[in-house]
């Protein structure tokens, strides 16, 4: 009987821990993680090597030079480590549950949420109690000026990578050229016209 009780306690504890954080790494497919971010026609501001996949160490399949135009097809933000935001007092978070049915959030002092990545303009994708939400959290860069900073404190930032998949208009390897190659890159600062608000 004692062994069964210990087993039950372990199952409940493990279940609670699983709700606190999502499985990592967490993949947010088709994410475009800043305000006015868009996929579409981009221009290279520098030369970029493109990989076969979005995985670390994947093989480089082609390289494009500065000034070439590509089509941003999609992307994925990979969260390797959650960030932590803690409620310093009771807080209501206006968040949209990704499953469409989870309740809005009411945090008690001391409760934490796992932040996955920024979505721009103080909006973040985050995880709480086994559910995925998108909502407003304080910006860790604003030094406490956010209206939410009295209720919520950012303790750590998430560790993320943003990989984008592009389609090239043409690819030249020094001998021949072919059209339509598809590749992945995490050198996202190398692309112009990703911002629809520019």
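For 60, 77, what's the fewest-to-most ordering of other Cβ within 10 Å of each Cβ?
Lowest count first: 60, 77.
Taking every alpha carbon pair in the stretch 25-167, what does the distance histogram look like in 10 angstrom bins from 0, in percent?
11, 36, 28, 17, 7, 0
Taking 7 Å along the Cα-to-C-beta vector as the label spot, tell me the residue 61-residue 187 distance in nanometres, rounded to one decimal.
Those two pseudo-labels are separated by 1.7 nm.
Tell me, 88, 160 in order of fewest to most beta-carbon neighbours within 10 Å?
With the fewest neighbours first, 88, 160 line up as 88, 160.
Can you sort 99, 195, 28, 181 so the residue with the fewest Cβ neighbours within 10 Å comes first?
In increasing order of surrounding Cβ atoms, one gets 99, 195, 181, 28.
Coordinate-derived values only; no laboratory data. Because the structure is predicted, anything quoted here is derived from the model rather than measured. Ideal geometry is used to build each Cβ from the backbone, glycine not excepted, and the neighbour counts take in all protein chains shown.
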